[in-house]
Each structure stands twice: as structure tokens, then as C-alpha cells.
Amino acid sequence: MIFEVIVDIANSEVDRVFDYVGVDGVFVGSRVLVPFGGRKIEGFAIGQKEHSDIDDSKLKSIVAPLDDFVAVTPEMLELMRFMIGRLHIRLIDALRLFVPAQMRGGRIGELKKRVVFPVLPLDEAVERLSKSAKNQRALLEFLASEEKSDYTLLGEKFGFGTVKKLAEKGLLTVSEVKKGRVPYKNLCGEKQSFVHTDEQRSAIETIINGTENEFLLFGVTGSGKTEIYMSVIDYYLSQNKTAVMLVPEISLTPNMLRLFRSRYGEQVAMLHSGLSAGERFDEWLRLKRGEAKIALGARSAVFAPLENVGVIIIDEEHDASYQSESNPRYITSEIARFRRKYNGAKLVFGSATPSVETFYKAQNGEIKLITLQNRINKRPLPEVEIVDMAMELRNGNKSFLSDRLYDELKSTIKEGNQAILFLNRRGFSSFVMCTKCGYTAKCEDCDVSLSYHADENLLKCHYCGKRYRMFDLCPECKSPFIRQGKIGTERVVNELKKLFPGVGVLRMDFDTTQNKEAHLKIIEAFANHEAQILVGTQMVAKGHDFKDVTLVGILDADQSLHFEDFRAGERTFQLLTQVSGRCGRDVKSGKVILQTYSPKHIVLRLAAKQDYLGFYAKEINIREATDFPPFATIVRILYSGENEQNTISTLNAQYAMIQELRKSRDDILFANKMKAPVRRIEKKFRYQILMKIKGDMTDELSDKIFAVSDMKQHKDVGVFVERNPQNMT
Ligand code: ADP
Ligand code: ZN
Ligand code: ZN
């Protein structure tokens, strides 16, 4: 048999099938070792045939299969073809998504340990030993009494020679067993069981029994969506099917993990970045082998190696993290939809603040809408108060805290409750500037101002991470009058410690969550009341369920409002609603103080009322009037290169081709070239062509655009085509 093999080299020139003669243990989907250009390299067998067009004498043979299982299922091979058409990527780029990175290059394998077992009952075995073999006797006795079987442990205790001798005498057998790493084993708690509310019961029934395939579970924060997901999963497990549960990375909190571990034990495999490489590989393998039936994880878990999938759930479906920002730039819901169709599964989107695009589909009946109107036990949504920060300034308050928020914080602390303060700006201050000459510290490699970080006394670039020394005197004019820019989370914590001495304050942002599990530790600490105030970036907005949080302060609600991005309003609405939803979740009622310089802004007013439908009605009209998704597709072709001249000439050449293409058709509503909003990142200059395409872009047009993007004279210029990008920087 001849196998068609894709070699694991990310180079377009070799990204095609090569024929090899098969060997034992190789199947379609196996990872294989093959001779290639004088070396032996890894590859994927993606097809087989009786005969090759290549002459038999020239055909080489596969060296060996790499695993004792078939890594890539037929479904994934079909998904690979779908992704290539949709995203214009290399075969190998798709295949690499389907197996854990750690598996490639043999960097990790199954952890095995050696165990020993006695062959005979103790007294019979002892009879066969000579009187002088004291150690051997002791080992056998130990084995009989302790039931410990670890080879290394016994070897260290009684000497490895002793173990060996007993094995040679046939009194012990030594064998290898898998030593699976199951993460968060001890996170188990009581399995919760609830009497479902009417809304929950009817939602579960609609999903399981409905004739529709896709559902949008639209329910306010705290309406018990998670319990619905789990009940639906229960049902499909009972039907001998499997389930994929996707959440934004940041929502994989100890709470969430505990909930699933308690309910499903080792039936659930967790795939997320907090795991060690070994743990991640083992979890993947447990799914692959069918030992675990539920994959719980962030975006990439949509590729979980499960067969016979019954349901795929995408929680917080509006979250931007569901779209990959680096190649392959896949959209999670499109992959989920493919798998839904292939498996005849159900696809459930859930959110309190659905994306405008998804809600539009639900309105149109393309997706079945299920609404949950009430919080569990009819707990009221928190009361939101808008505070005008311009007024505070006029009244002489220059602090980052309005008088109202200060008062509320004080009483929250006094009552022994907890508060969350949200500010989507990390570091100490957003920039540093000389007030005498106007010098602003910028990154050498990126076109952005540097943020000051006081705990390390450094300036940092938030795009590339580069660090610079802080200065006391202006590097340009030597003036000592340096102004700090807008306040960041680090400085908020400093100020709070001065304002409320003795009160515990925790900070959760990119900088405090760099260590493994740091993010989980902060959440646990806050849940255990080790602090009364939690300050953080959007990380604090999602999914947390703290019982004693009665106050949420939104320090700068305007921050994301004025971006030049068609999703700015939507993002702001979602973020504010999600943050507000963090309080008053238990018996204690909650209050939200929203600080802004635009107190009349309609988006803020609607967010304060948690009026999603009002927001949607307003937003969908704007989108229609201005030709934005879901009425149009935004396509951005991004050009980036260290050589600015080459970047511009690639841009210009391709822009001419796009203009030419536009002449012959009327579905390209708009096409223009320009500098990207951030002009330089990591030494690379950035330019873009922005296009608006009528409706959903056809495959025919998308192929033409991909074809244009392939035509480049300069190899050093990166060209990336993005469809409805989540991030337009
Ligand atoms: P959402 O995901 O919609 O924000 P959650 O799933 O976090 O809401 O549910 C909010 C709270 O209500 C959780 O603490 C959950 O354990 C609890 N809960 C869910 N369903 C029920 C129920 N039927 N009865 C009582 N409590 C419930
Ligand atoms: Zn200066
Ligand atoms: Zn930089």
C-alpha cells in the first residue's frame, strides 16, 4: 500500500503530499517517520492508494509509525480540507492544530512507571530463599504488608540489586504501566444538584429535543447557564456520545474546574495553558483513547480529538478570544459548525451579551433563540449608578475615585463585604512625558508610548514587552518635570493602600499572572477573603462567582468607547455588563458605580440598565446604515515588514490588483489602503487594505483575494488576510 504523507516542515514549497510505501502499523491519519532529503523527519499519513504515479524503484518506504494510536481522525482530515479552503493555509498548519505541540518532535511521551508484583504467596516465596537473603525476604514481606509496588521506591529502600535478584528467581514480576497525569484531581468537591428552574428545564428540553441544530442561550449573568450546559452534557453522555465545552481562557477558574471535576471526575479532560506540557499531553491522550469524554478548554479545545460528538458548547460566545489573532486565523464558531455538521451534533452558544452578529442570526431564525429572563432565585441585577467625572473635577476632586465610589468602598469594607475595581489599563501610568519639551518615551521597535511600571521601576512596551530604564531627568532637555499619564492598575493599588490602610488589596492583570496558576491563586485568595478589594483589567470581568462581592467600581468606562473600531460600542457594552454581573450574585444585593466623562453616552446608559435588547436595537440599525457586519464582511489585508519600502510597494501593487478586481463586480463596497492604526510593532512597519464586502463574502471572492495576497515580490513582507477581525490595531 502507498501512503500520501505531509511532512512536518512549515514551508510552502514542500507543503504537498509525498508518496511512501507503507509499513506495518501505519494507517490513514498516523504520524510517521519518513526519509526526506537525506534526513528522517516526522510527517502525517493523510491518504492511501494502490499505486503511485512515481516509479516503484524511486519510492522510499516509511520508516515507522510514531505512535501506537492513529493521531488524526477522518473527521479531522476533512476539517483540514475545509480550513485550507476557508483560511488559505498550508496543510501542515492545519495538521499541527490537531495534535499537542509537545508531541511533535518526540519532546514528550506517555509517562510510564515500573511496578513489581509478587508471584507467589509470601510463605511459599520465603521457603525458596536462602537464610542469608535477608534483604530479599524483607522486601517480600514489605510488599505483602504495604501493597506498595513502585519499582523505584522498592529499589531505593532495599537496593536495586535485591529487586533484580528476586525477579531472576521468578519471585517477582516487573512491568511497565502508564502513569497518567490527571490535573486538578484534588479540586473535587461535592457534586451539586439542583432542582431546575422552569427556564432551565425548558432550555434543556429545547436543546435536546429541538429539531434545530444551533442554539443561542441568551441569559442574564447569574441565570444558571452553566447548570444547563452540564445537564445537556449529561444527556449526551448517557447516549454514549461525547461533548466539547469551550470557555474563554480566563474563565477556566478553580470554580469552573471544580464544578466539572466534581460532576464528571476523570471523564472530563481539561485543556488549558495553566497545565504543564506533560499534563496537557496526557489530557489530550485520554480524550483520544476515549478514556475521557468531555473536553473542557479554551479556543483550541475545539480541535479536541473526540469522536461521536453529541454537543459543542461555546460559553461567553461574544468573547474576542474565540478568534485567533495569529496564523491560522481561524474563527472558533466556524470550526465548531463544521464539527456539528460532521457529527450530527448540537451547537450551543451562550452569553448574557451575545455578539451583534450572533444575535442577528438568532433574530433571523438561523439559530434558535432561548432566553433566560431571570437570575436564579430572582436575585435582582445590581443597581448601577453613573458618576460624571468631569463634575468631580469641577468640584475639586482630582482623585481617580469619585466621592460616591469612595463612600461606597468605605461602607463595603466596614460591612465586611468585598469590592472589585475594574480598570483596563495595566502598569502604573499609561505614559511618561516631559512637561517642558513634550518628549514622550516610546518603544524603539513599536509606534507606541511606553507605560511606567513602578514595582520594577521600568518603562515597558505593552506590544512587544521590551523594557527600558526609567529616568528622573528628561533624556532630551534634562528637565526634572516629568508627568505621569493616565492611572493604571498598579497605581490604583498603591493609592488604595494609602486611602484604606490595613485593608487587603489584590491585583489581577497581565503582570501579576505571568507565573503558572498565578491567576488561579489570586482568585482563590480573594474568594477566601484574604483581601477585600480586587483591582484588575478585563480579567476580573469574566465568569467569576464571588458570593460576598457587593460593590463593583468601573474606574474609566470611556476607555474602549472611542476606539476607531466598529465594535467599540459593542465591546464597551459587553465589558461593562459583564463586570457589573460580578456582584450581587448571592443573597447580598450589589451596587455598581460607573465613572465616566461621557455620562450621557447611550451605550453607557444602556449598559447601566443592562438593557441588551435596547443596545442591540440601536446597534443593528447603525450596522445596517453604515454597512458593517452582519450586513457586510470586513476584510483587512495586513502588510508588515522591517523594510518599509518593500512593505509599501507590496501594498501598492496588491492595492492596484484589488482595484482592478473591483471594476468587474459590485460586491466590493469599499476598498482603501492606509497605515495600520499601530504603525510599527516589533520593528515591522504595518500597512493595510480595508475592504467592505456586501453580505457574507462568497468563497469565489475570498479565493480571488487570497490569490492577490499570494502575489508578492518581496519575501520579507508578511501579508495576512483577515475576515471580520476582532482586533484592528
Ligand atoms: P451564569 O452562567 O448564567 O452567569 P451560573 O451558572 O454561574 O450563571 O449560575 C449562578 C449561580 O446559581 C451559581 O452559583 C449556580 O450554582 C446557581 N444555580 C444554578 N442553577 C440553580 C438552580 N436550579 N437552583 C439553585 N441554584 C442554582
Ligand atoms: Zn524635556
Ligand atoms: Zn515595543
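Under 17 Å Cα-Cα from LYS498, which lysines qualify once same-chain neighbours fewer than 8 residues away are excluded? In chain and number order, the partners are LYS398, LYS410, LYS414. Each of ALA707 and SER57 was given a label point 7 Å from its Cα along the Cα-to-Cβ line. The distance between the two points is 4.1 nm. Taking amide H as placed 1.01 Å from N in the peptide plane, ALA531 has no amide H partner under 5 Å among residues 5 or more places away or on another chain. Compared with the dominant Cα axis of the chain, that is its longest principal axis, helix 403-414 is turned about 40°. Under 5 Å from the amide H of LYS442 lie the amide H atoms of LEU450, each residue being 5 or more positions distant or on a separate chain, with H modelled from the backbone and absent for Pro and chain starts. Across segment 476-488, coupling constants 3J(HN,Hα) worked out from phi with the 6.51/-1.76/1.60 Karplus curve, θ = phi - 60°, read 8, 10, 6, 6, x, 8, 9, 9, 8, x, 4, 5, x Hz, and Gly and Pro carry x. For the pair VAL195 and ALA320, label points projected 7 Å from Cα toward Cβ lie 4.4 nm apart.
The stretch between ASP447 and SER238, if pulled fully straight at 0.36 nm per residue, gains 69.7 nm over its current Cα-Cα span. Since only SER598, THR650, PRO629 are under comparison, the one whose Cα sits farthest along the positive direction of the charge dipole of segment 581-656, derived from C-beta charges on Lys, Arg, Asp and Glu, is SER598. Computed on segment 178-328, with alpha-carbon pairs under 8 angstrom and 6+ residues apart, the relative contact order is 32 percent. Which of ALA362, ASN374, TYR639 sits farthest toward the positive end of the charge dipole of the chain, with +1 on the Cβ of Lys and Arg and -1 on the Cβ of Asp and Glu? Going by the charge dipole, the pick is TYR639. Under 5 Å between amide hydrogens, built in the peptide plane, is the criterion, and for VAL63 it picks out LEU33, VAL34 among residues at least 5 positions away or on other chains. What the chain shows is 46 Å² of accessible area per residue, with the surface traced by a 1.4 Å probe over protein heavy atoms. Taken over the alpha carbons of the chain as equal point scatterers, the Debye sum produces base-10 log I(q)/I(0) values at 0.06, 0.07, 0.10, 0.11 Å⁻¹ of -0.45, -0.61, -1.17, -1.35. Summing charges over all other residues whose Cβ lies under 14 Å from the Cβ of ASP447, with Lys and Arg as +1 and Asp and Glu as -1, gives +3. Remark: the ASP388-ASP716 segment gains 113.1 nm on full extension, using 0.36 nm per residue and subtracting the alpha carbon distance. Rolling a 1.4 angstrom probe over the chain with all protein chains present gives an accessible area of which 49% lies on carbon and sulfur atoms.
Between the helical axis of 568-580 and the longest alpha-carbon principal axis of the chain there is an angle of about 70 degrees.
Largest first, the residues ILE208, ILE312 sort by 1.4 Å accessible area into ILE208, ILE312. Dipole check for segment 36-105: with +1 at the C-beta of Lys and Arg, -1 at the C-beta of Asp and Glu, and the Cα centre as origin, the magnitude is about 340 Debye.
Computed 3J(HN,Hα) for segment 122-133, one whole-Hz value per residue from the Karplus formula 6.51 cos²θ - 1.76 cosθ + 1.60 where θ = phi - 60°, is 3, 5, 5, 5, 5, 4, 7, 8, 6, 4, 6, 7, glycine and proline marked x.
The values are calculated or read from the model by the stated rules, or taken from the named source; none is laboratory data. Note that the coordinates shown come from a computational prediction; the quantities given were computed from them, not determined experimentally. Note that we place each Cβ from the backbone using ideal geometry, even for glycine, and neighbour counts take in every protein chain shown. We work out accessible area using only protein heavy atoms, side chains counted, and drop any ligands, DNA or RNA first. Shrake-Rupley method; radii C 1.70, N 1.55, O 1.52, S 1.80 Å.
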